[in-house]
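Student: Handing you this structure, nothing more for now.
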Amino acid sequence: MFSISQGIRGLQFMRHLHINTKEALQLVETQAVGLKAVARNDLLRGTIINVFRSPILSSPTMHTVMLDEATHVAPTEGAECISHACDATNTRIIIHEDRKGASFVVTEDVAAGEDLTFNYNTTEWDMNSPFTCQCAACKQKGFPTVVRGFKHLSLEERSRIADEASPLILKQSAEDSSRFSNLVDTLQKNEASYFSPIEDPEESVGSV
Ligand SMILES: [Zn+2]
């Protein structure tokens with residue numbers, strides 16, 4: 001069993017498998033969160049399950065991922081319904097080197113039927129649609145957390161997820177306050193794994 005941070009650092013050395021998004025996930029209607037994405041098939045750690053490049057928006061929406069302060073792009077084909085979780089997530093975002101798109105990559109082996117999750121605070125600085133978290137960790141704590149972006153986390157909370165956080169977020173965090181400058185080391189580490197050359201999914205669909 002590897003820790004999430006080791007797993008994520010290790011991902012940069014992996015050759016990513018691609019799987020068609022429709023084979024990777026299906027949407028399930030829930031009362032608590034509306035539509036959520038669950039794994040349609042068993043998914044291996046390191047598999048890319050969604051590559052998204054458009055539409056590019058100048059401000060965030062409920063579903064977008066931040067590529068830089070003025071560039072936001074939404075996942076597609078149901079991947080926009082991958083739920084937020086504060087802890088024990090099984091996917092993460094990789095931002096393409098050209099900063100014009102991003103991909104979802106699976107960070108742990110996932111069994112068919114499991115919820116797909118990632119921590120929205122790792123890519124979003126200041127969310128335009130905050131919401132009350134319904135994740136397993138929050139339910140276990142017994143009190144609700146409002147998810148509203150990295151900007152709104154305490155130093156302790158920022159440090160806890162820094163290994164998973166986008167370099168763009170960590171840069172903003174360092175500029176936000178010198179109290180957070182200790183995250184700059186993590187920023188440099190993350191740059192290696194976050195900005196990744198991702199080949200066109202069309203070239204690799206079916207290669208799994
Ligand atoms: Zn939560």
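Student: Would you mind ranking 173, 166 by Cβ crowding within 10 Å, fewest neighbours first? Numbers along the way, then the final one.
Tutor: Working: 173 24, 166 27.
In order of increasing Cβ crowding within 10 Å: 173, 166.
Student: Ok, one more. Assuming 0.36 nm per residue, please report the length gained on full extension of the stretch residue 88 to residue 126 beyond their Cα-Cα distance. Mind dumping the intermediate values first?
Tutor: Details: separation 38, 0.36 × 38 = 13.68 nm, distance 2.20 nm.
Result: 11.5 nm gained on full extension.
Student: Please compute the length gained on full extension between residue 152 and residue 33, using 0.36 nm multiplied by the number of residues separating them and subtracting their Cα-Cα distance. Mind showing how you got there, number by number?
Tutor: On the way: separation 119, 0.36 × 119 = 42.84 nm, distance 2.19 nm.
Length gained, residue 152 through residue 33: 40.7 nm.
Student: Now for a separate question. Please compute one quarter of the surface area of the Cα convex hull for the stretch 107-171 and express it in square nanometres. Don't jump to the answer; show the numbers that get you there.
Tutor: Details: hull surface 21.2 nm².
Reported value for the Cα convex hull: 5.3 nm².
Student: Report the charge-dipole magnitude of the stretch 41-182 in Debye, nearest 20, computed about the Cα centre from +1 at each Lys and Arg Cβ and -1 at each Asp and Glu Cβ. Let's see the in-between values first.
Tutor: Working: 13 positive and 20 negative charges, 61 e Å.
Dipole about the Cα centre, nearest 20: 300 debye.
Student: Below 25 Å Cα-Cα, how many Lys pairs turn up in the stretch 4-195? Only count pairs eight or more apart in sequence, or on different chains, if you could.
Tutor: For the stretch 4-195, qualifying lysine pairs total 12.
Student: Next up: Taking a ≥ b ≥ c as the square roots of the eigenvalues of the Cα gyration tensor of the stretch 4-195, is the shape rounded (a/c under 1.5), prolate (a/b larger than b/c) or oblate?
Tutor: Details: a/c = 1.40, a/b = 1.20, b/c = 1.17.
Rounded.
Student: Taking other Cβ within 10 Å of each residue's Cβ, how do 91, 132 sort, fewest first?
Tutor: Numbers: 91 28, 132 10.
Going from least to most buried by this count: 132, 91.
Student: Enumerate the amide H contacts of residue 109 below 5 Å, restricted to partners 5 or more residues apart or on another chain; note that Pro and chain-start residues carry no placed amide H.
Tutor: Result for residue 109 returns 45.
Rule-based calculations on the coordinates, nothing more; no lab input. Here the structure is a predicted model, which means the values were calculated and not measured. Here Cβ is always computed from backbone atoms with ideal geometry, including for glycine, and neighbour counts include all displayed protein chains.
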